[in-house]
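None of the figures in this text is laboratory data; all of them are computed from the coordinates on show. Keep in mind the model is a prediction, meaning the values are calculated, not measured. Please note: Cβ atoms are built from the backbone with ideal geometry, for glycine as well, and neighbour counts cover all protein chains shown.
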Amino acid sequence: MEWLHKRCPDALTSARDARGRAYVPYSGFRMGAAVVTDSGEILPGALVENVSLGLAMCAERVALFSAVATAAGKPQVLALVAKRTNKQLTFPCGACLQVALELGGHDLIVVVSDTKGKTDQARIGDLAARLPHKPN
């Protein structure tokens, strides 16, 4: 698990870079994400908005789906960089938590950062303890 925590800064850097590529012409709320898989790969994701709100895709899900699409391995870390929401660090929304739980399991680590570098982290199982999940 130690190698995993050493990859968190790399994941945050990738998420920060992806944030700069976010397509947010409607909200202006730039978000970037990155997933570290059990093979050590880091896959970025950026928020992509659409005039039809339901067609937008959160940065976290873009990164998580990329891990599946590229057969990069099981997600171990999900990093997210965004400005604060209501003065609090921005954690993934419910839909992103549900996808992260499905693909990464209860021990996936969620690391969040604001634009000034303040960070926090939690296990997905603690953030999404009551969401439906696959049986062990």
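Checking H133, H106 one by one, the residue that is in a loop (DSSP other than H, G, I, E, B) and either under 20 Å from R7 (Cα atoms) or of a type in the set (V, I, T) (or both) is H106 and no other. Screening D38, D126 for residues that are of a type in the set (D, E) and free of Cβ contacts under 8 Å to residues at least 12 places away in the same chain leaves exactly one candidate, D126. Selection of segment 124-136 for residues being farther than 22 Å from S66 by Cβ and surrounded by 14 or more Cβ atoms within 10 Å (Cβ to Cβ) yields only G125. T115: touching a strand residue (DSSP E or B) at 6+ places or on another chain (Cβ under 6 Å), of a type outside the set (G, A, S), in a loop (DSSP other than H, G, I, E, B) and surrounded by fewer than 22 Cβ atoms within 10 Å (Cβ to Cβ), yes or no? Criteria not met by T115.
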